[in-house]
Amino acid sequence: MAIKVVERRPLSLAERTYLPQILAGLKVTWANMLRPPVTLQYPEERPAIPTGYRGVPTLVRDPNGREKCVSCQLCEFVCPPKAIRITPGAIAADAPNAHVEKAPQEFEINMLRCIYCGLCQEVCPEEAIWLQSQYSMTGTSREMMVNNKAKLYELGGTLPDGHYKWDRKKAEAERQAHGGH
């Protein structure tokens, strides 16, 4: 194998003093110093959240404060990292929502596993699970990062319901119970 020797040209006086490189670096520094700062004083200042942002999954109630989740477990089955765990529970016959087949006895989302994909919200037929715009979930232990049913409702709150599904079903059930059509 032949070795080819490449002749290097000698450095000019300006190149030997490194002045062009120093001036180029100072130009970049001055350009950045004159720009407005992009640092936010978190948590007092927060960045603008874009529309369609997929944040923390939560459970929501209807405007009347009723639980929307019917424990169909579709969100649990569709979750890629298996972060959702639901234990279905029965509803008492004399309960106001007795026309619903079942309700979750336990509902947990492990936020250490959640990948914020949004599939749980998309698959939910009752619109009971929603991704909120919250993006900073912190905890000091693994147990604190598992949101149980009470915490999920606390984070989710009440969501306006455009179709009042439960009210319509309740009216139909009462009408059928009184022998009407």
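Rundown of residues vs (1) touching a strand residue (DSSP E or B) at 6+ places or on another chain (Cβ under 8 Å); (2) of a type in the set (A, V, I, L, M, F, W, C); (3) more than 18 Å from residue 151 (Cα to Cα), yes/no style:
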residue: 37; (1), (2), (3): no, no, yes
residue: 64; (1), (2), (3): no, no, yes
residue: 116; (1), (2), (3): yes, no, no
residue: 120; (1), (2), (3): yes, yes, no
residue: 123; (1), (2), (3): no, yes, yes
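Could you please let me know if residue 54 is closer than 15 Å to residue 121 by Cα and either free of Cβ contacts under 8 Å to residues at least 12 places away in the same chain or of a type outside the set (Asp, Glu) (or both)? Walk me through how you get there before you give the answer.
On the way: closer than 15 Å to residue 121 by Cα: yes; either free of Cβ contacts under 8 Å to residues at least 12 places away in the same chain or of a type outside the set (Asp, Glu) (or both): yes.
For residue 54, the condition - closer than 15 Å to residue 121 by Cα and either free of Cβ contacts under 8 Å to residues at least 12 places away in the same chain or of a type outside the set (Asp, Glu) (or both) - is met.
Restricting attention to the range 27-44, and to residues there that are charged (D, E, K, R) and more than 30 Å from the chain's Cα centre (by Cα), which single residue is surrounded by the fewest Cβ atoms within 10 Å (Cβ to Cβ)?
Residue satisfying both the conditions and the ranking: 35.
When you scan the range 58-66, do you find a residue that is surrounded by 15 or more Cβ atoms within 10 Å (Cβ to Cβ), over 16 Å from the mean Cα position of the chain (by Cα) and part of a loop (DSSP other than H, G, I, E, B), even just one? Steps first, please.
To start, the set of residues in the range 58-66 that are surrounded by 15 or more Cβ atoms within 10 Å (Cβ to Cβ) comprises 58-62, 66.
Subsequent filtering for residues that are over 16 Å from the mean Cα position of the chain (by Cα) retains 61-62, 66.
If we keep only those that are part of a loop (DSSP other than H, G, I, E, B) too, we end up with 62, 66.
So far as the range 58-66 goes, yes, one or more of its residues are surrounded by 15 or more Cβ atoms within 10 Å (Cβ to Cβ), over 16 Å from the mean Cα position of the chain (by Cα) and part of a loop (DSSP other than H, G, I, E, B).
May I ask you to verify whether residue 155 is closer than 21 Å to residue 103 by Cβ, within 18 Å of the chain's Cα centre (by Cα) and at pLDDT 90 or above?
Considered against the rule, which asks whether it is closer than 21 Å to residue 103 by Cβ, within 18 Å of the chain's Cα centre (by Cα) and at pLDDT 90 or above, residue 155 comes out as yes.
In the range 83-129, how many are of a type in the set (D, E, K, R), surrounded by 17 or more Cβ atoms within 10 Å (Cβ to Cβ) and in a helix (DSSP H, G or I)?
0
Residue by residue, here is whether (1) over 30 Å from residue 156 (Cα atoms); (2) over 23 Å from the mean Cα position of the chain (by Cα); (3) part of a helix (DSSP H, G or I) holds:
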site	(1), (2), (3)
3	yes, yes, no
22	yes, yes, yes
25	yes, yes, yes
46	no, no, no
53	no, no, no
69	no, no, no
76	no, no, yes
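The values are calculated or read from the model by the stated rules, or taken from the named source; none is laboratory data. No experiment lies behind these values; they were computed from the predicted model shown. FYI the Cβ positions are ideal-geometry reconstructions off the backbone, even for glycines, and counts take in every protein chain you see.
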